[in-house]
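The values are calculated or read from the model by the stated rules, or taken from the named source; none is laboratory data. Just so it is clear, the structure is predicted and the values come from calculations on it, not from any experiment. So basically every Cβ, Gly included, is an ideal-geometry build from the backbone, and we count neighbours across all protein chains shown. The protein model used for the area step is the full one, side chains on, heavy atoms only, and it has no ligands, DNA or RNA in it. Shrake-Rupley method; radii C 1.70, N 1.55, O 1.52, S 1.80 Å.
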Amino acid sequence: MAQVSLRNVCKTFAGNVNAVNNVSLGIENKEFMVLVGPSGCGKSTTLRMIAGLEEISSGDVFIGNKRVNDVPAKDRDIAMVFQNYALYPHMTVFENMSFGLRLRHIPKQEIVQRVSEAADILGIKRLLNRKPRELSGGERQRVAVGRAIVRKPMVFLFDEPLSNLDAKMRVQMRTEIHKLHIRLQTTIIYVTHDQVEAMTMGDRIAVMKDGILHQLDDPIDVYDHPKNKFVASFIGSPPMNIMQGRIIKKEGRLYFDEGKIQVKLVEGMYKKMASYVGSEIFFGIRSEDVYDKLFVSEAPPENIVRVNCEVFEPMGSEVYLYLNTGRHTFIARVGAHDRPKVNQEMDVVFDMSKVHFFDKSTEETIV
Ligand code: ATP
């Protein structure tokens with residue numbers, strides 16, 4: 001069993017830098033857990049503490065039921081894949097992949113068998129006699145992964161392994177690592193700042209900022225039910241549109257008043273929003289929940305807003321519209337053939353059953 005758990009883990013660097021602040025996190029056996037967050041949020045430091053490459057300031061780390069705070073990295077039965085691959089330049093691919101096994105005095109025949117199996121899985125058999133400088137970025141990344149696989153560790157740790165690859169190769173390697181996880185059936189903890197990688201790869205994702213774990217959930221729950229404004233605007237591409245405004249009441253109905261536009265809340269939200277009447281608030285709507293009115297046959301008039309279309313970006317399968325209310329610019333994702341006139345007014349419809357509200361001072365989700 002290779003579950004990993006962090007209990008109230010903190011890391012303070014010299015100069016009183018609180019890189020990781022009281023993080024508690026349980027990673028189940030065979031789970032693919034992604035730690036995601038903006039640069040400097042403490043995700044690599046968290047991973048390095050699990051690996052034993054960084055001392056823990058306070059709290060405990062357990063790997064497979066064993067407290068490992070004082071266990072050296074080499075005895076933790078983990079394998080780590082780094083962003084810069086960390087291959088030995090003077091060794092061939094075979095020597096790089098087998099290096100760890102040779103140090104552990106594994107019999108030669110078994111080494112050859114394990115390297116050959118891993119090279120097969122990763123499609124790098126033909127590269128075994130080459131040196132790292134004779135490989136492309138994607139091939140080097142495969143070798144780095146191969147070197148981890150041959151160890152057959154309890155837990156794999158990946159620290160931004162794809163960030164040095166071009167966009168196309170990143171997408172390809174993303175799928176390969178995903179498939180590898182299904183094939184190897186081991187626990188993986190994967191660090192990235194790329195929320196698309198997090199969404200597509202993780203069984204669950206842990207969203208971090210400023211050393212704090214903000215949300216731990218499966219990707220769709222994080223997307224649909226973000227716990228606060230930070231998570232809402234970090235997860236999703238394009239990010240959730242956020243506008244500041246006020247909740248007002250007219251003839252017994254609640255509206256969000258942005259200053260230039262007004263939309264009516266669905267009644268199911270009234271109970272939670274009642275205490276915010278008259279208050280400043282953050283309103284969030286995802287770009288796919290805004291529609292060009294031209295293509296909506298029956299839109300409630302209270303959900304239609306007039307905006308100026310500033311720019312449109314054809315993405316192939318869809319079009320991003322950059323719309324301006326006079327106060328906020330927001331994005332709508334519409335059909336591939338929608339071509340509104342730029343710098344002209346148009347009407348769009350908000351799906352008010354999908355919107356989010358965040359408290360102005362705590363930024364926590366209200367509904
Ligand atoms: P990135 O995506 O940029 O790698 P990250 O989320 O992985 O960022 P960490 O590398 O974990 O962030 O760093 C978290 C914080 O700790 C940052 O503010 C960083 O400057 C600080 N930090 C990291 N290592 C050290 C160190 N050795 N000494 C002092 N501060 C450090």
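If you line up the long axis of helix 137-149 against the longest principal axis of the chain, both from Cα atoms, how many degrees apart are they, to the nearest 10?
That works out to roughly 60 degrees.
So, counting K/R as plus one and D/E as minus one, what does the shell of residues with Cβ under 11 Å around V319 add up to?
Net local charge, V319 excluded: -2.
Between K168 and N29, what FRET efficiency comes out of the Förster formula 1/(1 + (r/R0)^6) with R0 = 45 Å and r the beta carbon distance, rounded to 0.05?
0.85
Taking the highest mean first, how do the peptides 52-62, 250-260 order by number of other beta carbon atoms within 10 angstrom per residue?
In descending order of packing, they fall as 52-62, 250-260.
Can you give the FRET efficiency for E364 and S39, using 1/(1 + (r/R0)^6), R0 = 22 Å, r = Cβ-Cβ distance, to the nearest 0.05?
FRET efficiency, E364 to S39: 0.40.
On a straight-distance basis, which lysines could pair with K229 in a cross-link, Cα separation under 30 angstrom, same-chain partners fewer than 8 positions away excluded?
Reachable lysines: K11, K43, K209, K249, K250, K260, K264, K271, K272, K293, K354, K360.
Do any GluC sites (Glu not before Pro) in the stretch 265-367 lie in a DSSP loop with no more than 10 other beta carbon atoms within 10 Å, and if so, which?
Sparse-neighbourhood loop GluC sites (Glu not before Pro): E298.
At 1.4 Å probe size, what's the solvent-accessible area of S237? Round to the nearest 10 Å².
My reading of the accessible area for S237 is about 70 Å².
Would you work out which of S44, F62, N22 lies farthest towards the positive end of the dipole of the stretch 1-151? Charges go on Cβ: Lys and Arg +1, Asp and Glu -1.
My answer, from the dipole projection, is S44.
Tell me the net charge near P132. Cut-off is 14 Å between Cβ atoms, P132 excluded, with +1 for each Lys or Arg and -1 for each Asp or Glu.
+3
How far is helix 93-103 tilted off the main Cα axis of the chain, in degrees rounded to 10, range 0 to 90?
Relative to the chain, helix 93-103 is tipped by roughly 70 degrees.
When the Kirkwood radius is taken over all Cα pairs of the chain, what Stokes-Einstein diffusion coefficient follows at 4 °C and 1.567 mPa s, in µm²/s?
Approximately 56 µm²/s, per Stokes-Einstein.
Just to verify a number: what accessible area does T175 come out at with the full protein assembly present, 1.4 Å probe, Å² rounded to tens?
Here the residue's solvent-accessible area equals roughly 70 Å².
How big is the stretch 38-152 by Rg and Dmax over its Cα atoms, in Å?
In order Rg, Dmax, the Cα atoms of the stretch 38-152 give 15.8, 47 Å.
Starting from the amide H of V20, placed 1.01 Å from N in the peptide plane, find each other amide H under 5 Å away whose residue is 5 or more places distant or on another chain.
K11
So how much slack lies between V17 and E298, counting 0.36 nm per residue of separation and subtracting their Cα-Cα distance, in nm?
My answer for the length gained is 95.7 nm.
From the backbone phi of the stretch 178-187, what are the Karplus-calculated ³J(HN,Hα) couplings (6.51 cos²θ - 1.76 cosθ + 1.60, θ = phi - 60°) in whole Hz, Gly and Pro given as x?
Whole-Hz 3J(HN,Hα) from phi for the stretch 178-187: 4, 5, 4, 4, 5, 6, 7, 6, 10, 6.
When all protein chains stay in place, what accessible area (Å², nearest 10, 1.4 Å probe) is found for R327?
150 Å²
Can you list the HN-Hα couplings for the stretch 344-356, worked out from phi with the Karplus curve (6.51, -1.76, 1.60; θ = phi - 60°), rounded to whole Hz and with x for Gly and Pro?
Each residue of the stretch 344-356 in turn: 10, 6, 8, 9, 10, 10, 8, 7, 6, 6, 9, 7, 10 Hz.
Mind listing the phi-derived Karplus ³J(HN,Hα) values for the stretch 224-241, rounded to whole Hz, using 6.51, -1.76 and 1.60 with θ = phi - 60°, and x for any glycine or proline?
Each residue of the stretch 224-241 in turn: 7, 10, x, 6, 7, 5, 4, 4, 4, 8, 8, 9, x, 9, x, x, 4, 6 Hz.
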